Amino acid sequence: MKDMLGGFELADGHLLGITTDNASSNYLMTCELQSTLEASGIEWPALRNYIPCMAHIIQPALDTLMSRLSVKGRTKS
């Protein structure tokens with residue numbers, strides 16, 4: 001499997017999950033990985049094993065909340 005994954009070796013066919021930021025291209029990458037692994041006979045459902053980074057989920061929500069509350073961060077003086 002080393003050649004199919006661009007130099008990465010998958011020991012015993014185990015890959016628990018992938019954690020990334022929330023860029024849509026990262027989810028598409030996990031779908032491509034699923035296809036590559038399936039071609040090698042390894043079941044790895046991307047939807048179940050893709051884990052978006054919680055910090056990248058919380059940050060936009062906090063930005064919106066702070067904006068609505070008109071809270072501004074410290075500025076250099």
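Where a number appears in this text, it was derived from the coordinates with a stated rule and is not lab data. None of these values were measured; they are calculated from a predicted model. Using ideal geometry, Cβ is built from the backbone for each residue, glycine included, and neighbour counts are taken over all protein chains shown.
Just to be sure I understand the model, the point goes 7 Å from the Cα along the line to the Cβ. What's the resulting HIS14 to ARG48 distance in nm?
1.7
Could you pull out every residue, at least 5 positions away or on a different chain, whose amide H is within less than 5 Å of the one on THR20? Hs are placed 1.01 Å off N in the peptide plane, and Pro or chain starts have none.
Residues meeting the amide H criterion: ILE51, CYS53.
Pop out the ³J(HN,Hα) list for region 33-41 in order, Karplus 6.51 cos²θ - 1.76 cosθ + 1.60 with θ = phi - 60°, rounded to Hz; leave Gly and Pro as x.
Here the 3J(HN,Hα) series is 4, 4, 4, 5, 5, 4, 5, 9, x Hz.
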